[in-house]
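This report concerns only the one structure given below.
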Amino acid sequence: AREDHEQAIAFYEKSLALQLDCYGELHPGTAVTCCNIGQEYNDMGELEKAGDYLTRALRINTDLFGEDYVGNAGICNNLGLLYDNLSRLAMEDASSLLDTAFRWFWRSLSIMEKNFGPLHPHTADLYMNMADAYLAHGDRDNGLRCCETALAILQDLFGADHPRTQYTQAACEAIRLEK
């Protein structure tokens, strides 16, 4: 419920104020709290505020740990999802917003692969997020390609009988049937 998100934001904001007083802006805890506030705003549909906090968290992590810090992968993915949502809501400039979403997705993928290699469950999740974005904008070919990439990763990691693999297999089949 909206009230729950508002209450969570109020607590996070108090926490952020304390962290800023004690540690300053450039502290890992500050980045985590900014990310949490961003996610709460995202869940409420307040995408501009969400983007501000997620971008702030990313800047802090990058300043502290560098661009390829593994914690940045999740933030970049969340920014990709945010811009994908904005592109779906946009009356104008949807293409530009979707391009921005994919820049964030690809940056997340680059960080994931540098830290974990290409075979990681989160990498498969990222490909599924990209598949969803492509499909939402009518690009079945790229949506299927991303879904099949996620499927290959999951098959290598978990085998064909794992529930995540089977779910992704079913998603690929559904896309193929729509073509």
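Under 7 Å between Cβ atoms, at least 6 apart or on separate chains: pull out the pairs that start in the stretch 143-170 with a residue that is among the small types (Gly, Ala, Ser) and surrounded by fewer than 18 Cβ atoms within 10 Å (Cβ to Cβ) and end on any residue that is modelled with pLDDT of 95 or more and in a helix (DSSP H, G or I).
GLY159/THR165
Return yes when LEU119 is free of Cβ contacts under 8 Å to residues at least 40 places away in the same chain, of a type in the set (A, V, I, L, M) and not in a helix (DSSP H, G or I) and no when it is not. Show your work before the answer.
Numbers: free of Cβ contacts under 8 Å to residues at least 40 places away in the same chain: yes; of a type in the set (A, V, I, L, M): yes; not in a helix (DSSP H, G or I): yes.
Judged against the criteria, LEU119 is a match.
For the stretch 1-27, which residues satisfy the criterion of being part of a loop (DSSP other than H, G, I, E, B), over 25 Å from the mean Cα position of the chain (by Cα) and surrounded by 11 or more Cβ atoms within 10 Å (Cβ to Cβ)?
In the first step, residues of the stretch 1-27 are kept if they are part of a loop (DSSP other than H, G, I, E, B); the result is 1, 23-27.
From the residues that got through so far, the ones that are over 25 Å from the mean Cα position of the chain (by Cα) too are 23-24.
Answer for the stretch 1-27, where residues must be part of a loop (DSSP other than H, G, I, E, B), over 25 Å from the mean Cα position of the chain (by Cα) and surrounded by 11 or more Cβ atoms within 10 Å (Cβ to Cβ): just TYR23.
Let's see how each residue does on (1) modelled with pLDDT under 95; (2) farther than 28 Å from ARG140 by Cβ; (3) exposed (fewer than 14 other Cβ atoms within 10 Å of the Cβ):
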{"position": "THR62", "(1), (2), (3)": "no, yes, no"}
{"position": "PHE65", "(1), (2), (3)": "no, yes, no"}
{"position": "ASN77", "(1), (2), (3)": "no, no, no"}
{"position": "ARG88", "(1), (2), (3)": "yes, no, no"}
{"position": "MET91", "(1), (2), (3)": "yes, no, yes"}
{"position": "PHE102", "(1), (2), (3)": "no, no, no"}
{"position": "LEU109", "(1), (2), (3)": "no, no, no"}
{"position": "PRO118", "(1), (2), (3)": "yes, no, yes"}
{"position": "ASP125", "(1), (2), (3)": "no, no, no"}
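Pick out the one residue from ARG56, ARG107 that is in a helix (DSSP H, G or I) and either under 18 Å from PRO28 (Cα atoms) or touching a Leu at 6+ places or on another chain (Cβ under 6 Å) (or both). Working first, answer last.
Numbers: ARG107 fails: either under 18 Å from PRO28 (Cα atoms) or touching a Leu at 6+ places or on another chain (Cβ under 6 Å) (or both).
None of the others qualify; the one that does is ARG56.
The values are calculated or read from the model by the stated rules, or taken from the named source; none is laboratory data. Quick caveat: nothing in here was measured; it's all calculated off a predicted structure. Quick reminder, even Gly has a Cβ in these numbers, built from the backbone with ideal geometry, and neighbours come from all protein chains shown.
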